[in-house]
Amino acid sequence: MDRKKIIIIGCPGSGKSTFARRLHDVTGLPIYHLDNLFWKADRTHISRDEFDARLNEYMQGDRWIIDGNYSRTYEMRIAACDTVIFLDYGEEVCMQGITNRVGKVREDMPWIEDELDPELVEMVQQYETQNKPVLQDLFRKYPEKEVITFYNRDDAMKWLISEYMIVPVDEDNIIEAACIHSISWQESHRAFCDEAFILKHDTDHQTEYIRNKIANGSKFYMLCDKQSMAVVSITDGLIEDLYVLPELQRQGYGTALLDYVITLICREGITPTLWILENNREAERLYRRKGFVPSGKQNAITGKLSEIEFLYKGI
């Protein structure tokens, strides 16, 4: 679906503005924070009529992201949008969210909150019984709207990555993919390959490697945010070439790409497989957590080193 008019709603503290900024970064859609619209820097606010007029101006545009609660305006925003993203997190998560932002500069608020607002605490405590039923009724009233509900931050981030940050590799971006592949491959193989062999696998070499694999039926995917970050390939059910730039490792990008290709392969009714070096304990821990188990097959890489096949059994 080509989402052009998106509202992000949810309990205070659920991270609506943070999610909106990430979505803005990857889509380029204009972003409007309702708290910035309503509140002034001196902690007074504009009138209801002015708020409604300016909100309507925003919604007259062809493309936008609007985040905020403001339950009085739920229906006018739902009626105007094509997509609703509902952050349906529990009270404990949201209470922690409003607590953590005390004393912090926020792009969506024109001042710094220096203490926890009792009125905001009450809104969090009452959200489940007062706001959520209203939203559910409106979702039923507007069935043509795409409503995407997330129950935790991890699932919201995985959706953002899979929908907007993963792209197929083709001739337009193959050099970017090859650069990631080269840097990460060299780093991961330096411990057991000589320097001449390492240097051979530069960007030009890996560009031809990727181009040849694509010509022979492999599919490459790249994860990009403000830069190209990670790459992976699949050939039928075989997952290969999963590389993340060294400075970006251990931040969940490799896991996100892995989840993405596992889903693609399973949709085809195929069992995902992969091979890892027998001494790569960190990779083995990751793959075991994601539902892979050894198949019993091994291939000798050198006289001292082998790779082991893993099969996906599900989590």
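For the chain, take the longest principal axis of its alpha carbons; what is the angle in degrees between that and the long axis of helix 91-100, to the nearest 10 within 0 to 90? Tilt relative to the chain: about 90 degrees.
Summarising the overall dimensions of the stretch 136-208 from its C-alpha atoms, the Rg and Dmax are 21.1, 66 angstrom.
Under a point-charge model restricted to the Cβ atoms of Lys and Arg (+1) and Asp and Glu (-1), what is the dipole moment magnitude of the chain relative to its Cα centre, in debye to the nearest 20? Don't skip to the end; give the middle numbers.
Values: 38 positive and 52 negative charges, 116 e Å.
The dipole magnitude comes to about 560 debye.
Estimated at 0.36 nm per residue, the fully extended path between Tyr70 and Arg43 surpasses their Cα-Cα distance by 8.0 nm. Along the axis of the charge dipole computed for the stretch 73-230 (Cβ charges of +1 for Lys and Arg, -1 for Asp and Glu, origin at the Cα centre), the listed residues Met123, Leu135, Ala177 are led at the positive end by Ala177. Accessible area per residue for the chain, computed on protein heavy atoms with a 1.4 Å probe, is 53 Å².
Expressed in nm², what is the orientationally averaged projection area of the convex hull enclosing the Cα positions of the stretch 204-315?
On the way: hull surface 32.2 nm².
Average projection, Cα convex hull of the stretch 204-315: 8.0 nm².
Taking the square roots of five times each eigenvalue of the Cα gyration tensor of the chain, the equivalent ellipsoid has semi-axes of 45, 20, 20 Å, listed largest first. Computed over the chain, the per-residue total of -39500 (n - 2.57) for DSSP H runs of n ≥ 4 gives a 222 nm mean residue ellipticity of -13000 deg cm²/dmol, rounded to 500. The orientation-averaged projected area of the convex hull spanned by the Cα atoms of the stretch 62-125 comes to 5.4 nm². In the stretch 168-315, taking the dipole from charged Cβ atoms about the Cα centre, the farthest positive-side position among Phe197, Gly254, Pro272 is held by Pro272. Restricting the calculation to Cα atoms, every distinct pair contributes to the Kirkwood radius of the stretch 1-132, found to be 15.3 Å.
Roughly to the nearest percent, how much of the accessible area of the stretch 160-315 is carbon and sulfur, given a 1.4 Å probe?
Reported share for carbon and sulfur atoms: 49 percent.
Ranked by the mean number of other Cβ atoms within 10 Å of their residues, highest first, the peptides 103-111, 232-240, 155-163 fall in the order 232-240, 155-163, 103-111. Using the Kirkwood radius built from alpha carbon pairs, what does the Stokes-Einstein equation give as D for the stretch 201-250 at 20 °C and 1.002 mPa s, in µm² per second? Once the numbers are plugged in, D ends up at 183 µm²/s. Our compactness index for the stretch 25-81, the C-alpha radius of gyration over the empirical 2.2 N^0.38 Å, is 1.14. Segment Asp155..Arg190, full-extension length gain: 9.1 nm, with 0.36 nm per residue of separation and the alpha-carbon distance subtracted. Reported to the nearest whole Å, the Cα centre-to-centre distance from the stretch 288-315 to the stretch 211-254 is 19.
Looking at the chain, what % of its DSSP beta bridges pair antiparallel, to the nearest 5?
Details: 26 of 45 bridges.
If we restrict to bridges inside the chain, about 60 percent are antiparallel.
The values are calculated or read from the model by the stated rules, or taken from the named source; none is laboratory data. Predicted model only: the values in this text are computed from it and were never measured. Virtual Cβ from ideal backbone geometry, glycine too; neighbours counted across all protein chains shown. When the accessible area is computed, the model is the full protein with side chains, heavy atoms only, and any ligands, DNA or RNA have been set aside. Shrake-Rupley method; radii C 1.70, N 1.55, O 1.52, S 1.80 Å.
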